[in-house]
Amino acid sequence: MTDKDAGEGKSTREEILAKAGELFARKGYFGVSMQTIASELKMTKAALYYHFPSKEKIYLNVLEETFGRLFNKLKTAAAESRNPAETLFRVINSYLNFTLENPQASLFYSSAAGEGSNAIRQVVSDIRQKMSRFFTDIFEMAEREEKQESALAAELARMLLGILANPFVWGKKEIGITARFISNLFTASTSHGS
């Protein structure tokens, strides 16, 4: 990619966000510089600054864009389901598959909340709260269907988000834990009243 690509705007911007997301997921916020991103993209730092005024803006855009895509996938999975158990399974499975395919999704749960500016910490906090509320609502819906009388939903949502924080562990083939396995595990825990 060269400075000439700057005129393309959106596709260059998307490439920057994709590469920066990979780098931030691998090296953390402080482990990545504007020069690192530019070098990985084979562009000049000036070309990078043409699209984004700072590393913080890139990081914020990666978070917001990734979360937007994830949340749309989750809402679609929920809308395509016929009953609460299927909703639970589809939503968890969609989330897990998304995190495996998009390493930058781990930025929501990594040390990113303590890294960078107040703006970054606030965005990460907002994303975590929105995700927690979404999963709590899904678990509560499944509990109502099973007529359980417990505070299991919020606890399951917290446990799920904790597990999801590290897809690089549970997503390894040699461990044998897959998105489907975890989806089944959480679906079973709500339908059996454990």
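The values are calculated or read from the model by the stated rules, or taken from the named source; none is laboratory data. Note that this is a predicted model, so its numbers are computed, not measured. All Cβ positions, glycine included, derive from the backbone under ideal geometry; neighbour counts span all protein chains shown. For accessibility, only protein heavy atoms count, side chains too; no ligands or nucleic acids. Shrake-Rupley method; radii C 1.70, N 1.55, O 1.52, S 1.80 Å.
Can you find even one residue in the stretch 104-127 that is modelled with pLDDT of 85 or more and open to solvent by 80 Å² or more (accessible area, probe 1.4 Å)?
yes
What is the residue count in the stretch 51-72 for residues that are surrounded by fewer than 16 Cβ atoms within 10 Å (Cβ to Cβ) and over 12 Å from residue 127 (Cα atoms)?
Qualifying residue count for the region: 6.
Assess whether residue 164 counts as being at pLDDT below 70, open to solvent by less than 20 Å² (accessible area, probe 1.4 Å) and over 17 Å from residue 68 (Cβ atoms).
yes
Taking the stated definitions as given, is residue 139 of a type outside the set (Ser, Thr, Tyr), surrounded by 13 or more Cβ atoms within 10 Å (Cβ to Cβ), modelled with pLDDT under 80 and within 13 Å of the chain's Cα centre (by Cα)?
Values: of a type outside the set (Ser, Thr, Tyr): yes; surrounded by 13 or more Cβ atoms within 10 Å (Cβ to Cβ): yes; modelled with pLDDT under 80: yes; within 13 Å of the chain's Cα centre (by Cα): no.
No.
Quickly run through the stretch 73-103 and pick out the residues that are free of Cβ contacts under 8 Å to residues at least 60 places away in the same chain, surrounded by fewer than 20 Cβ atoms within 10 Å (Cβ to Cβ), in a helix (DSSP H, G or I) and of a type in the set (Gly, Ala, Ser).
If the condition is that a residue be free of Cβ contacts under 8 Å to residues at least 60 places away in the same chain, surrounded by fewer than 20 Cβ atoms within 10 Å (Cβ to Cβ), in a helix (DSSP H, G or I) and of a type in the set (Gly, Ala, Ser), then 79 is the only one that fits.
For the stretch 7-28, which residues satisfy the criterion of being within 20 Å of residue 65 (Cα to Cα), open to solvent by 20 Å² or more (accessible area, probe 1.4 Å) and at pLDDT below 90?
8, 9, 10, 11, 25, 26, 27
In the stretch 87-98, which residues are of a type outside the set (Phe, Trp, Tyr) and out of contact with any Phe, Trp or Tyr (no Cβ under 9 Å at 6 or more places or on another chain)? Steps first, answer last, please.
Restricting attention to the stretch 87-98, the residues satisfying the condition of being of a type outside the set (Phe, Trp, Tyr) are 87-88, 90-94, 96-97.
Result: 87, 90, 93, 94, 97.
Considering only residues that are assigned to a helix (DSSP H, G or I), surrounded by fewer than 20 Cβ atoms within 10 Å (Cβ to Cβ) and not small (Gly, Ala, Ser), which ones fall in the stretch 29-49?
Passing the criteria: 34, 35, 36, 40, 45, 49.
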